[in-house]
Ligand code: UDP
């Protein structure tokens, strides 16, 4: 893919400009970080696997009417995306209690939430990505009240589609993080990536709390076999995509 200059290098991806100002290229790296980059490493082939999983999931979502930044994926690690202004928000959807929800509230790991939870975190490494209240989000002008309503609805729609899709893959979608951007017409587009780096995914054919983990918690908690787990997610996503 012909790119021009590097615009931004993040923890897991590099963003390049192209000759078309409306189009960027997102390059998926093998680098992995956790705990606000205090833990660093690489996961062999992660870039290829996450690019492929994200590609399939963006297509599934587009087919169901969700507007995303994805255009196409011209190579194994590259995605052409629409240039958007990313909102500094991490939109987290939870179906089952895990991670920071358990840490912050004392709810037991694995508790099924009666209705899914949509939460907003401030995407700001210096502040450690804090959980926002609605009022703090508005105070900081991170989105308008209308955008906030739309983001919540979009996050719930995405959850509905992905939960069903992963269910067909024999995988439980525990929680995940989304990012959104605004295109030049100020339309909200789903952006970034959707992969085992950004979702908690539990293998339904395993009951053991460690063995069932198919996502970045394997890296965070040094559970081993990270690549194998990511590749298994990809294999199941590919097989399920072929059926629809
Ligand atoms: N997540 C993410 N990037 C972040 C923070 C969270 O992709 O910077 C994802 C994480 O992988 C999980 C979900 O969002 O699927 C909820 O994460 P949580 O708030 O429980 O935080 P964590 O346990 O990762 O600290």
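The values are calculated or read from the model by the stated rules, or taken from the named source; none is laboratory data. Not measured: the values here are computed from a predicted model. Methodologically, a virtual Cβ is constructed for each residue, glycine included, from the backbone with ideal geometry; neighbour enumeration extends over all protein chains shown.
Only one entry in 138, 188 is surrounded by fewer than 17 Cβ atoms within 10 Å (Cβ to Cβ) and over 27 Å from residue 109 (Cβ atoms), namely 138. Does residue 141 meet the test of being farther than 18 Å from residue 216 by Cα and within 13 Å of the chain's Cα centre (by Cα)? When the stated conditions are applied, residue 141 does not pass them.
Any residue at all in segment 173-192 that's without any contact (Cβ under 8 Å) to a residue 40 or more places away in the chain and either in a helix (DSSP H, G or I) or farther than 30 Å from residue 9 by Cβ (or both)? Checking segment 173-192: not a single residue is without any contact (Cβ under 8 Å) to a residue 40 or more places away in the chain and either in a helix (DSSP H, G or I) or farther than 30 Å from residue 9 by Cβ (or both). Does segment 74-83 include one or more residues that are under 14 Å from the mean Cα position of the chain (by Cα) and either crowded, with 19+ Cβ neighbours inside 10 Å or closer than 22 Å to residue 224 by Cβ (or both)? Among the residues of segment 74-83, not one is under 14 Å from the mean Cα position of the chain (by Cα) and either crowded, with 19+ Cβ neighbours inside 10 Å or closer than 22 Å to residue 224 by Cβ (or both), which makes the answer no.
Would you check if there is a residue in segment 211-226 being outside any loop (DSSP other than H, G, I, E, B), more than 16 Å from the ligand (Cβ to nearest atom), touching a residue at least 24 places away in the same chain (Cβ under 8 Å) and under 17 Å from the mean Cα position of the chain (by Cα)? No, segment 211-226 contains no residue that is outside any loop (DSSP other than H, G, I, E, B), more than 16 Å from the ligand (Cβ to nearest atom), touching a residue at least 24 places away in the same chain (Cβ under 8 Å) and under 17 Å from the mean Cα position of the chain (by Cα).
Evaluation of residue 69 against the conditions (1) within 16 Å of the ligand (Cβ to nearest atom); (2) closer than 18 Å to residue 179 by Cβ; (3) crowded, with 18+ Cβ neighbours inside 10 Å shows that the sole unmet condition is (1).
Scan segment 31-45 for residues that are within 11 Å of the ligand (Cβ to nearest atom), in a loop (DSSP other than H, G, I, E, B) and closer than 19 Å to residue 199 by Cβ and the total you get is 2.
Check segment 12-23 and report whether any residue there is away from the ligand (no atom under 16 Å from the Cβ), under 20 Å from residue 217 (Cα atoms) and in contact with a strand residue (DSSP E or B) (Cβ under 6 Å, 6 or more places away or on another chain). No: zero hits.
The criterion of at least 1 residues that are within 11 Å of the ligand (Cβ to nearest atom) is met, among strands (runs of 3 or more DSSP E) falling completely within segment 72-146, by 89-96, 112-122.
Kindly check whether there is at least one residue in segment 149-168 that is away from the ligand (no atom under 16 Å from the Cβ), modelled with pLDDT of 95 or more, touching a helix residue (DSSP H, G or I) at 6+ places or on another chain (Cβ under 8 Å) and farther than 29 Å from residue 23 by Cβ. So far as segment 149-168 goes, yes, one or more of its residues are away from the ligand (no atom under 16 Å from the Cβ), modelled with pLDDT of 95 or more, touching a helix residue (DSSP H, G or I) at 6+ places or on another chain (Cβ under 8 Å) and farther than 29 Å from residue 23 by Cβ. When the residues of segment 194-209 are filtered to those that are under 20 Å from residue 46 (Cβ atoms) and surrounded by fewer than 24 Cβ atoms within 10 Å (Cβ to Cβ), the one that is farthest from the chain's Cα centre (by Cα) is 203.
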